[in-house]
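The numbers here are math on the coordinates, done by the rules we state, and not lab data. This one's a predicted model, so the numbers in the text were calculated from it and none came from an experiment. So basically every Cβ, Gly included, is an ideal-geometry build from the backbone, and we count neighbours across all protein chains shown.
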């Protein structure tokens with residue numbers, strides 16, 4: 001549970017949430033944010049799941065976007081991954097963010113833990129995500145949850161241009 005003492009709720013996003021998600025994306029990701037049209041397109045993809053963490057009044061604090069099915073990865077398709085899992089599937093963390101005023105409160109951790117538990121129950125063998133090398137708070141969070149770096153993606157991020165890292169967690 002988050003360290004913050006306020007009551008929080010984790011729930012699946014609804015179409016009515018998209019406008020405030022678009023605003024929150026802009027706050028957290030700037031030029032690399034998904035715009036309203038991109039969010040709607042992803043939201044309507046049956047293999048993409050948006051989960052929100054809100055306070056009891058419905059104020060958004062954090063969110064995660066999961067890629068399932070064809071939006072997930074087979075172990076063999078993860079660059080430089082040395083796991084011996086053949087055709088096992090890894091759920092993809094497509095995006096995760098916490099609004100700046102709530103960072104460090106454990107909200108992203110809560111979303112990840114709950115989502116990873118659901119993914120394992122659904123038969124996924126692990127999870128995969130991409131992260132900026134200089135995003136030290138995110139990297140510490142992922143490492144604390146058992147993720148580890150398996151590859152570097154040259155010039156993966158565009159604004160500013162920066163390599164990306166692929167991290168995986170096996171269940």
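Quick one: of the DSSP bridges fully inside the chain, what percent are antiparallel, nearest 5? Don't skip to the answer; put the middle values down first.
On the way: 33 of 37 bridges.
Here the antiparallel bridges make up roughly 90 percent for the chain.
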Simple label model, 7 Å out from Cα along Cβ direction - residue 16 to residue 155, nm: 4.5
For the stretch 8-68 versus the stretch 126-155, the gap between their alpha-carbon centres in whole angstrom: 21
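Would you kindly calculate the mean projected area, averaged across all directions, of the convex hull enclosing the Cα atoms of the stretch 74-155, in square nanometres? Numbers along the way, then the final one.
Values: hull surface 23.4 nm².
Approximately 5.9 nm², given one-decimal rounding.
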Residue order, fewest to most surrounding Cβ atoms within 10 angstrom, among 165, 32: 32, 165
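Using Cβ counts within 10 Å as a stand-in for footprinting exposure, how do 148, 142 rank, fewest first? List each step's numbers first, then the result.
Values: 148 10, 142 24.
Lowest count first: 148, 142.
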Between 0 and 90°, nearest 10: helix 18-29 axis offset from the chain longest Cα axis: 70
Between 0 and 90°, nearest 10: helix 107-121 axis offset from the chain longest Cα axis: 50
